[in-house]
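Working notes for the structure below.
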C-alpha cells in the first residue's frame, strides 16, 4: 500500500442526522501519491434508520460517492431501503489517472425517510500495480 486516508464517525459521537431531499455530504477523503495505473480501493459504511416507523412505510435513502467536489461526477449511486434500521457497506476499485483526488460520501432522501445514526466511514487506499 502506498497511501491511505480514512474519515469516520462512530455511533453516539454525533446527534442523528435527518436526511432530506438536499444532498448532504457526510465526509470526504483525499487520496495522494497516485500514479497512472495505481489501484484505488474505496470502502464506505453508513448506519441509518427509518425516522417514521409509525407510518408503516419503509425508509429510503440514496447513497452517492462523488469525485473531486460535492457536486462532482457520481462514481457510485445506490438507492437503499429498510423498514427499521439499515447498514450499507460497499467496496469499489478504480484505476488511478491523476496524482491527487478527493472523494465525497453523500446522501439524500427525497421524502425525508432516512436518519443517519452511525457509524459512517469512508476509507481509501492506493496500491501500486
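Bear in mind these aren't lab numbers, they're just calculated from the coordinates by the rules spelled out. Given the structure is predicted, the values throughout are model-derived calculations rather than measurements. Ideal geometry is used to build each Cβ from the backbone, glycine not excepted, and the neighbour counts take in all protein chains shown.
Considering only residues in region 86-117 that are under 16 Å from residue 58 (Cα atoms) and part of a loop (DSSP other than H, G, I, E, B), the one that is farthest from the chain's Cα centre (by Cα) turns out to be 111. Quick check on this structure: which one of 46, 34, 75 is closer than 23 Å to residue 10 by Cβ and either part of a strand (DSSP E or B) or more than 15 Å from the chain's Cα centre (by Cα) (or both)? Result of the check over 46, 34, 75: 46. Among the residues of region 11-23, those identified as under 23 Å from residue 79 (Cα atoms) and either touching a helix residue (DSSP H, G or I) at 6+ places or on another chain (Cβ under 8 Å) or part of a loop (DSSP other than H, G, I, E, B) (or both) are 11, 16, 20, 21, 22, 23.
Given the criterion more than 17 Å from residue 88 (Cβ to Cβ) and either in contact with a helix residue (DSSP H, G or I) (Cβ under 6 Å, 6 or more places away or on another chain) or buried (at least 16 other Cβ atoms within 10 Å of the Cβ) (or both), identify the matching residue among 26, 31. Residue meeting the stated conditions: 31.
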